[in-house]
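Here's the structure, in structure tokens; my notes come after.
The values are calculated or read from the model by the stated rules, or taken from the named source; none is laboratory data. Everything numeric here is computed off the predicted structure, so don't read it as measured data. Please note: Cβ atoms are built from the backbone with ideal geometry, for glycine as well, and neighbour counts cover all protein chains shown. Surface areas here come from the heavy atoms of the whole protein model, side chains and all, with no ligands, DNA or RNA. Shrake-Rupley method; radii C 1.70, N 1.55, O 1.52, S 1.80 Å.
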Amino acid sequence: MTVAKPRTKTRVKTERPKLWKVILLNDDFTLREFVVEVLKAVFRMNESQAYGVMLTAHQKGACVIAVYTQDVADTKAKEATELGKANGFPLYFTTEPEE
Ligand code: TYC
């Protein structure tokens, strides 16, 4: 008689969480300097990184800022958008999943 041995080892599947992009959208009203300040404050960029991202969004219509877990991406996009709103600007940040 053959008795099947029960499996004793458990395989632990560790899938990496999907990352989400935070994207800055251009508009015609927000001051360039204000965009740079928000990028520095919320996304911990230095002056030249922030200026480069602002300029790319200004010229191309949008610019990917960074990738985070979904939670962090949503929180930062909301925080940055709120900062614009609080200062009377239509500045907008959105998120989307990485492929
Ligand atoms: N286009 C704005 C201007 O000319 C500046 C700006 C840049 C606004 C990037 C938003 O994501 C943005 N004042």
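Numbers at a glance
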| read-out | value |
| --- | --- |
| Longest site-free stretch - the chain; sites: trypsin sites (Lys or Arg not before Pro), DSSP loop, at most 13 other Cβ within 10 Å | 45-99 |
| Check: the chain dipole with +1 on Lys, Arg Cβ and -1 on Asp, Glu Cβ, in debye | 1000 |
| Gained length - Lys13 relative to Glu96, 0.36 nm times residue gap less alpha-carbon distance | 27.4 nm |
| Rg/Rh for the stretch 19-97, where both radii come from Cα atoms and Rh is the Kirkwood radius | 0.92 |
| Length-normalised contact order for the chain - Cα pairs under 8 Å, 6+ apart - percent | 42 |
| Sites Leu25 and Gln70 - FRET efficiency at Förster radius 22 Å, r taken between beta-carbons, to 0.05 | 0.70 |
| Accessible area of the chain divided out per residue, in Å², using a probe of 1.4 angstrom | 75 |
| HN-Hα J in Hz across the stretch 11-19 - Karplus 6.51, -1.76, 1.60, θ = phi - 60°, x for Gly and Pro | 7, 9, 8, 10, 8, 6, x, 5, 9 |
| Extreme residue, positive dipole direction of the chain, given options Tyr51, Thr81, Pro97 (C-beta unit charges) | Pro97 |
| Pairs of Cα atoms farther than 18 Å apart, the stretch 1-60, % | 55 |
